[in-house]
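Reviewing the structure listed below.
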Amino acid sequence: MTLHDPRFDVAVTGLGLVTPAGIGIEPNWERITSGRSTAALDPALADAAVRFACLVPGFDAAELLGRENSWRLDRFVQLAMVAARQAVEDAGLDPQNWDGARVAVVLGNSLGGTGTFEQQHQRLRDHGPKRVSPLLIPMSMMNMVSGYVAIDLKAKGPNLVTATACASGATAIGIGRELLRAGTCDVVIAGASESALSPAVLAGLHQMGALSGREDDPAAASRPFDADRDGFVAAEGAGVLVLERMADARARKARIRARISGYGASADAHHATAPDPSGAGVELAVQAALSDARLGHADIQHINAHGTSTPLNDSTEARVVHRLFGDGPAVTSTKGVTGHTLGAAGAIEAAFTVLAVERGQLPPTANLQRLDDGVEIDVVHGAAREAKVDVAISNSFGFGGHNAVLVVTAA
């Protein structure tokens, strides 16, 4: 193994997950490792271009956040707030007692409050401007996800939103790590949220040809790396990690679930929505993350792939992985279970990668029946795989050619 320099590692001391696989760490991990898809027809999408999606089950904002937050916050903020509270509690931290000026919030999002915006636009058309809610702007602005989480948790340090499309969550974690390395703060609440299952967004994705059309069998629609994949299943969710410097976490005797040891980012500079088929941009991000972690290709034992279930993405990613790593690392895409949570995907999947490293269990890629002929990598499928993992990476790529890669190492 390459000699890893741990001086720049940061500790993951808390996790919060609100996804189609469940609310909380254990429900999520049980569903992810079972390989059971969450995609289903949604009556609320009866008139939408695609009538199925992956929704967070049993999410009652009034019960989880109180009645006021249930009507004045868009759902993408509500999901983030619940996940952030979970993560802080999991880390054993108390916002009533911490120095809020030393706590940063860095959350990713790609589309903002589209549900609120579409509803209020319809009200404008039907009833005129005086019937538009005064909450329209604070409910729909992307930056409000970190703003409201900071208000809720009394976090007065740097407050940022990253917007790198479907890489936003991984970007947020990488930026959070940089804030800690720079000494700008002592705790970072990092992650992402998305809830954009609105008619206009789904219509746009459908018209692009990005979504699966398997309405006859939604549960089998998200099938990363499968020869018969035909697009992704849109989803909602939030994932939040609490990050601290290793020395600080040890000093307060915190449980360290894993470490974020490297971060790399790049741009394809190729096309607005299609990945560069050569994978050159992806390779740049992977190489940068490994260099940052002072690790080599042979050190990587597990990869949580971006794996969207679209023909172009999966083929390109598989080629890059094979070119860089051969068939050595065990690869999985958890989007087979959760669908594609868009801007939240990188954070949710980083959390799943942390759990895989911590628990020595690799989730299967759901619905993989026949590996695409061009996919020459070891894709975990059929059942979860027990494996000791010291080093893993989590890949995230987004429209605009954004690429972000995180290196996760054992505590």
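Of the numbered conditions (1) part of a loop (DSSP other than H, G, I, E, B); (2) β-branched (Val, Ile, Thr); (3) surrounded by 23 or more Cβ atoms within 10 Å (Cβ to Cβ), ILE348 satisfies every one except a single condition; which is it? Answer for ILE348: the failing condition is (1). Where strands (runs of 3 or more DSSP E) fall wholly inside region 235-314, the ranges with 2 or more residues that are under 26 Å from VAL77 (Cα atoms) are 237-245, 258-267. Of the listed requirements (1) touching a Ser or Thr at 6+ places or on another chain (Cβ under 9 Å); (2) among the basic types (Lys, Arg); (3) assigned to a loop (DSSP other than H, G, I, E, B), ARG31 misses just one: (3). From the list VAL56, VAL50, the one residue that fits, being within 18 Å of ALA235 (Cβ to Cβ) and within 20 Å of the chain's Cα centre (by Cα), is VAL56.
Out of the residues in region 336-345 meeting the condition of being more than 10 Å from the chain's Cα centre (by Cα) and assigned to a helix (DSSP H, G or I), tell me which one is surrounded by the fewest Cβ atoms within 10 Å (Cβ to Cβ). If you could, list the steps in order and put the result at the bottom.
Pass one, region 336-345, residues more than 10 Å from the chain's Cα centre (by Cα): 336-339.
Those left that are additionally assigned to a helix (DSSP H, G or I): 336-338.
On the way: GLY336: 31, VAL337: 28, THR338: 32.
Only one residue tops the list, namely VAL337.
Kindly establish whether LEU124 is in contact with a Lys or Arg (Cβ under 7 Å, 6 or more places away or on another chain), at pLDDT 95 or above and surrounded by fewer than 20 Cβ atoms within 10 Å (Cβ to Cβ). Working first, answer last.
Values: in contact with a Lys or Arg (Cβ under 7 Å, 6 or more places away or on another chain): no; at pLDDT 95 or above: yes; surrounded by fewer than 20 Cβ atoms within 10 Å (Cβ to Cβ): yes.
In short, no.
Taking every residue in region 27-55 that is under 20 Å from ALA366 (Cα atoms) and pairing it with any residue that is β-branched (Val, Ile, Thr) and in a helix (DSSP H, G or I), at least 6 positions away or on another chain, the pairs with Cβ-Cβ distances below 7 Å are ARG31/VAL337; ILE32/VAL337; GLY35/VAL337; ARG36/VAL337; SER37/VAL337; THR38/VAL337; THR38/THR338; CYS54/THR338.
Only residues in region 266-280 that are farther than 23 Å from LEU290 by Cα count as the first member; pair them with residues that are surrounded by 14 or more Cβ atoms within 10 Å (Cβ to Cβ) and among the aromatic types (Phe, Trp, Tyr), Cβ under 8 angstrom, at least 6 apart or cross-chain, and list the lot. Once the first residue is farther than 23 Å from LEU290 by Cα and sits in region 266-280, its partners that are surrounded by 14 or more Cβ atoms within 10 Å (Cβ to Cβ) and among the aromatic types (Phe, Trp, Tyr) give ALA272/PHE399; THR273/PHE399. Residues in region 159-176: is at least one surrounded by 21 or more Cβ atoms within 10 Å (Cβ to Cβ), farther than 16 Å from ALA84 by Cβ and of a type in the set (S, T, N, Q)? The answer is yes; a qualifying residue exists.
What number of residues within region 56-73 are in contact (Cβ under 8 Å) with a residue 12 or more places away in the chain and either touching a Leu at 6+ places or on another chain (Cβ under 9 Å) or more than 21 Å from GLY113 (Cα to Cα) (or both)?
Final tally of qualifying residues: 6.
If only residues of region 226-248 that are small (Gly, Ala, Ser) and surrounded by fewer than 23 Cβ atoms within 10 Å (Cβ to Cβ) are counted, the one that is farthest from ALA411 (Cα to Cα) is ALA227.
The values are calculated or read from the model by the stated rules, or taken from the named source; none is laboratory data. Being a predicted model, the structure only gives us computed values, none of them experimental. Don't worry about glycine lacking a Cβ; one is built from the backbone with ideal geometry, like all the others, and counts go over all protein chains shown.
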